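Here the structure is laid out as structure tokens; the discussion comes afterwards.
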Amino acid sequence: MCIRDRVPDRALLEGRVGLLPEEDCDVIKRQVEELIMKTSSEDSWLKENPPKIEWIGRWDPAKIDTSHPLANTVKEAYTTITGKEAVLGGTVGGTDMRLLTLYGDTPSILFGPGNIDLAHTADEYIDLEDVITATKVIACTIVDWCGVNI
């Protein structure tokens with residue numbers, strides 16, 4: 001039996017759509033669906049057999065203004081502890097920050113030890129020194145944010 005003579009009767013394609021903080025998830029989903037259906041309508045077979053689109057999960061984008069007092073407090077704590085200037089930026093992927101920021105009306109930031117590029121990889125690790133430094137920055141942030149005099 002020659003396997004290469006066989007053709008699958010269906011295909012399952014999975015993907016991920018990333019959004020910028022100012023984009024609306026529902027608008028982007030609608031645009032993606034419209035593009036898929038428009039492209040399918042231009043193919044004779046797909047016109048008769050349109051794809052079925054199923055969305056799994058929803059991770060709305062979230063952000064905090066870089067001039068927010070919380071961001072400034074963390075930046076100052078980082079500089080105090082490390083002697084370096086903090087680098088602000090975003091990250092790709094879903095986090096619980098969106099829940100606090102979008103639905104809990106709680107300004108939030110992401111901060112932690114290690115190299116984000118190693119997260120969720122086969123050889124993921126965090127240096128102990130990075131954990132200790134992050135712990136000090138977080139403690140300093142809490143003390144400053146809460147106005148505690150030490």
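The values are calculated or read from the model by the stated rules, or taken from the named source; none is laboratory data. Quantities reported herein were computed from a predicted structural model and do not represent experimental measurements. Quick reminder, even Gly has a Cβ in these numbers, built from the backbone with ideal geometry, and neighbours come from all protein chains shown. When the accessible area is computed, the model is the full protein with side chains, heavy atoms only, and any ligands, DNA or RNA have been set aside. Shrake-Rupley method; radii C 1.70, N 1.55, O 1.52, S 1.80 Å.
Within segment 101-119, if we keep just the residues that are open to solvent by 90 Å² or more (accessible area, probe 1.4 Å) and free of Cβ contacts under 8 Å to residues at least 24 places away in the same chain, the residue that is farthest from residue 62 (Cα to Cα) turns out to be 117. Residue 18 meets all of the listed conditions (1) farther than 29 Å from residue 94 by Cβ; (2) touching a residue at least 24 places away in the same chain (Cβ under 8 Å); (3) of a type in the set (Gly, Ala, Ser) but one, namely (1).
Do you know which of the residues in segment 120-150 that are part of a loop (DSSP other than H, G, I, E, B) and closer than 19 Å to residue 81 by Cβ is most open to solvent (accessible area, probe 1.4 Å)?
Once the filter is applied, the top-ranked residue is 150.
Scanning segment 42-78 for residues that are part of a helix (DSSP H, G or I) and either more than 18 Å from residue 10 (Cα to Cα) or within 22 Å of the chain's Cα centre (by Cα) (or both) returns 69, 70, 71, 72, 73, 74, 75, 76, 77, 78. From the list 104, 83, 90, the one residue that fits, being among the small types (Gly, Ala, Ser) and within 17 Å of the chain's Cα centre (by Cα), is 90.
Scanning segment 79-100 for residues that are touching a residue at least 40 places away in the same chain (Cβ under 8 Å), more than 26 Å from residue 60 (Cβ to Cβ) and open to solvent by 60 Å² or more (accessible area, probe 1.4 Å) returns 80, 81.
Among the listed residues 77, 11, identify the single one that is over 30 Å from residue 116 (Cα atoms) and among the small types (Gly, Ala, Ser). Before you say what the answer is, go through the steps one by one.
Values: 77 fails: over 30 Å from residue 116 (Cα atoms).
The conditions single out 11.
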